[in-house]
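Notes follow the structure.
A short reminder: the numbers here are calculations on the coordinates, not readings from a lab. All values derive from a computational prediction rather than experimental measurement. Every residue, glycine as well, gets a Cβ built from its backbone with ideal geometry; the counts of neighbours run over all protein chains shown.
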Amino acid sequence: MNFLSQYDRTPTDVKFGLVRNWMKSSPDEFFDQLRADRPVLATPECTLLALYSDVVEVLLQPRVFTVQLYQDKMGSYLMAQDDTAVHFREKAIMQAMLNRDDLPRIRDFVGQTAAAILDAAPGRRIDAVNGLTRAVPIALVQEYMGFDGVEPEQLARWSYWNQWDTFHNQPFDGNENAADIHTTTREVNTELRGYLAELVPRRIGEIRAGTDRDDIVTRLLRTVFAEGVGFPMDRLVRNIGGLLIGSVETTSQAAAQALQGLLRRPDELARARAVVDEPTRFDGYVFEALRFDPISPYFFRRCAEDYTIGRGTGRETTIRAGTVVLPLVLSAMFDSAAHAAPLDFDADRPKDKMFHFGFGLHECLGRYIGEVMVPEIVRQVVKRPNARSLGAMEYSEATFPERYEITWD
Ligand code: HEM
């Protein structure tokens, strides 16, 4: 199909609806044509950028291409701020708390948790989404991050609704029930705040009583921040909430989609299984599978001032202030200017040019945790003899994986 000629023939008011559908139903073919014929596609609602260099140019300029669209969803949380003092300070504090030296112990915990779940699955069969890819990050949030005394289903709900409202309930998503999604998210956030209002004083009491806990909530509350640092208790609590919201649904989607990507490619699966006991080699299969099916085909930014992209090239275009810009990260990961033989599945491909954990100022706070948690969940499945799926993955209305039945011998 020639997407661009159909696009050109379509009336202005329905052009973006078409684009949105193509990004969902046939992103690979659509993005191929964009890269070849119209790498900057200025639709009436959003401007799409299909080339690696343009995607990087945008993500490296947070003062021009801002996260203003996050503000309605996240208020003043660090992620909804660009290059501000709050973003700089709080990301640094949280990076220190999520000590990278913990990674081996996180990998062990994730591996043991996933293995125990799979061992206990009746009939060697499980819904990999609710049973595994959501369950494991929830367990990590409880154990490593310190969210105790709360049902796993609650933690899952709080992450799910926030992720839905922020990433798949923007004006350009065109959801008919956009207001309802936002309202429910506000309601679940009242529950989350209520839980944190109970957790924090309780944990402070435990610290005073001499607990030897060393989870992230405890680390945050044990640390004395001088007033001059500018990290008062309300900001600390907000950042605890961010840990949960960021961890669960993202990990679940990435692990489920990477798993499906491998189970659908028997040759690659066999090669991955051959190195299943060498995580440094195995993990490349997971991130490469995710390159073909990342958690989102695009990021989104609001342009704060007129900006000319593709300067001096045939695609030179001025993006007007106020325009929503979609850096098409899926397309960028298939741009042959950045990736050798992009259509090939190459488990040794350098992951630095992938966008699985964002890029630039807003690069994921949980990147290093995600980088061990996502592949380790998949690895535990691949280790099972003849691991296979029993059908295609089902998605929820929020476009997150909801059900993926797998089995093994
Ligand atoms: C421990 C778990 C995680 C936590 C606590 C977390 C938290 C965060 C935070 C706070 C940000 C915003 C950073 C900033 O604005 O400077 C972020 C960005 C991001 N995260 Fe994570 N995250 C986690 C796991 C994941 C996983 C597993 C994925 C996907 C595989 C992911 C994908 C992303 C992406 C793509 C962005 C960039 C969004 C953008 O540029 O607009 N995250 N994450």
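Which of A341, A120, T318 sits closest to the plus end of the dipole of the range 39-407, meaning its Cα is farthest towards the positive end, when Lys and Arg get +1 and Asp and Glu get -1 on the C-beta? With unit charges placed on the Cβ atoms, the residue in question is A120. When both the range 244-290 and the range 154-218 are represented by their alpha-carbon centers, they are found 27 Å apart.
Give, in nm to one decimal, the length gained when the segment between R271 and E198 is fully stretched (0.36 nm per residue of separation minus the Cα-Cα distance). Full extension from R271 to E198 adds 21.4 nm.
Between the beta carbons of A392 and T211, assuming R0 = 35 Å, the FRET efficiency works out to 0.15 to the nearest 0.05.
Looking at F88, L51, M1, which one has the Cα that reaches farthest to the positive end of the dipole of the chain (charges on Cβ: Lys, Arg +1; Asp, Glu -1)? Farthest along the dipole direction, towards plus: F88. Using C-alpha pairs below 8 Å separated by at least 6 residues, the relative contact order for the range 39-407 is 28 percent. Normalising by residue count, the range 39-407 has a Cα convex hull of 144 Å³ per residue.
Think of each Lys and Arg Cβ as +1 and each Asp and Glu Cβ as -1; about the Cα centre, that makes the dipole of the chain roughly 340 debye. State the antiparallel share, in %, of DSSP beta bridges confined to the range 39-407, rounding to the nearest 5. Taking every DSSP beta bridge within the range 39-407, about 80 percent pair in antiparallel fashion. Relative to the Cα centre, the charge distribution of the range 20-130, modelled as +1 at Lys and Arg Cβ and -1 at Asp and Glu Cβ, gives a dipole magnitude of about 260 debye. Among the helices of the chain, none built from whole DSSP H runs has Cα atoms reaching 30 Å or more along its own axis together with a mean Kyte-Doolittle hydropathy of at least 0.5. From Cα pairs below 8 angstrom and at least 6 apart in sequence, can you work out the relative contact order of the range 19-145, rounded to a whole percent? Relative contact order for the range 19-145 comes out at 10 percent. Working note: 222 nm ellipticity from helices only, DSSP H runs with n ≥ 4, each -39,500 (n - 2.57), summed and divided by the residues of the chain, gives -16500 deg cm²/dmol to the nearest 500. With only the Cα atoms considered, the range 193-314 has a convex hull volume of 243 Å³ per residue.
List residues of the range 366-409, by number, whose backbone nitrogen lies under 18 Å from a label position 7 Å along Cα→C-beta of T280. Zone members listed by number: 371-373, 375-376. Candidates L244, L328, F300 compared by Cα position along the dipole of the range 39-407: farthest toward the positive end lies L244, with charges placed on Cβ.
Residue separation times 0.36 nm, minus the C-alpha to C-alpha distance between M1 and A85: what's the value? Contour length minus Cα-Cα distance gives 25.4 nm. With a cut-off of 20 Å, note down the residues of the range 179-197 whose backbone N falls inside the zone around a label point 7 Å from the Cα of H168 toward its beta carbon. In the range 179-197, the label zone of H168 (backbone N under 20 Å from the point 7 Å along Cα→Cβ) covers 179-189. Stretching the chain fully between T318 and V14 yields a gain of 107.2 nm (0.36 nm per residue, less the alpha carbon separation).
The order of the peptides 321-332, 385-396 by mean Cβ neighbours within 10 Å, most packed first, is 321-332, 385-396.
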